[in-house]
Amino acid sequence: MLLSVIIPAYNERLTLGPILAIVVRSLPTVSKEIIVIDDCSEDGTREWLRVNFPEGERQGSTVDLDRDGNLAFGEVSGAPRVTIRPIYHERNKGKGGALQTGFAAFSGHALVIQDADLEYDPTDWERMYDLIAVRKVADAVFGSRFYGRPHRSLYFHHYLANRLISFLFNVIYNQTMTDIEACYKMMTSSVARSLHLTANDFSIEVEICAKIARQRKLRIYELGISYFGRTYAEGKKITWKDGMKALWCVFKFRFK
């Protein structure tokens, strides 16, 4: 079974290499297709990708970082294959736009979203993947940062907005989700291809949840995940404006 990992990246030069190495090591018995969408970065991310992927994609069974911070691919006999492929936007389209590009390009049997920073830990995929690919009891599995796992304490206003958005979402869509704004969303390929995403910004998180929840036949699960959040000084990008738009999109995608 092939797992497609979609990684939108915008100005993540210092974290993209390390997260790629961690992603490759996660679920070590599963073949992976990793699609990195550079959203017209301006901090050297794009240049780093072109140095490491001069011919467009690379394959191997192991990936590590060398002393210069570049990717070193290796081969282990019998180990699952990993393919990493970059896609470049010629203008900045936002996280939603990058995810639309990734969703249009994947070929795996299942798909998971991974941010290009180090806020989320790919080792949390194991239980998500088990529900979808092993037990086959779930069509979509969402991560939640509010289940008692390590969660960096940061901004109360962000927490309050997230809880409000999730509460309204549950009322309108008749769900019991606790963290619809979380990055980690894993789903089968058929679910991913059914979504027809349109949002270009961070409201893509609401749109994905809404378009899955509206398909009442789908089996949705939620699992606790770790969260090593960043401050704005460390590179966090989401703002209060994104929160206000997410509130509007809860209603928009319910009745559109």
Average accessible area per residue (Å²) across the chain - probe 1.4 Å, nucleic acids and ligands excluded: 47 Å²
Taking N as the number of residues in the chain, the ratio of its alpha carbon radius of gyration to 2.2 N^0.38 Å works out to 0.97
Hydrophobic long helices for the chain, i.e. whole DSSP H runs reaching 18 angstrom or more by Cα along the axis with Kyte-Doolittle mean at least 0.0, come out as 13-25, 156-173, 240-255
How large is log10 of I(q)/I(0) for the stretch 79-157 at q = 0.14 Å⁻¹ when the intensity is taken from the Debye formula with one equal scatterer per alpha-carbon? -0.68
List the aspartates and glutamates whose Cα lies under 17 Å from the Cα of residue 32, skipping any in the same chain that are fewer than 8 positions away. 57, 64, 75, 115, 121, 124, 126, 130
Counting residues in the stretch 1-128 as N, plug N into 2.2 N^0.38 Å and put the Cα Rg over that result. 0.97
Most to least packed among 94-100, 40-46 [average Cβ atoms within 10 Å]: 94-100, 40-46
Hits among lysines - C-alpha to C-alpha of residue 241 under 17 Å, sequence gap 8 or more where chains match: 93, 95, 252
By the Kirkwood definition, with r running over pairs of different Cα atoms, the stretch 116-193 has a hydrodynamic radius in Å of 14.0 Å
Express in Å², to the nearest 10, the accessible area of residue 206 obtained by rolling a 1.4 Å probe over the protein heavy atoms while all chains stay in place. 0 Å²
Where the Cα pairs of the stretch 18-78 fall when distances are cut into 10 Å bins, in %: 18, 56, 23, 3
Considering only protein heavy atoms and a 1.4 Å probe, what is the carbon-and-sulfur percentage of the accessible area of the chain? 55 percent
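The values are calculated or read from the model by the stated rules, or taken from the named source; none is laboratory data. Fair warning: this is a prediction, and the values are worked out from it, not measured in the lab. Neighbour counts run over all protein chains shown; Cβ positions are idealised from the backbone, glycine included. Side chains included, ligands, DNA and RNA excluded: accessible areas come from the protein's heavy atoms. Shrake-Rupley method; radii C 1.70, N 1.55, O 1.52, S 1.80 Å.
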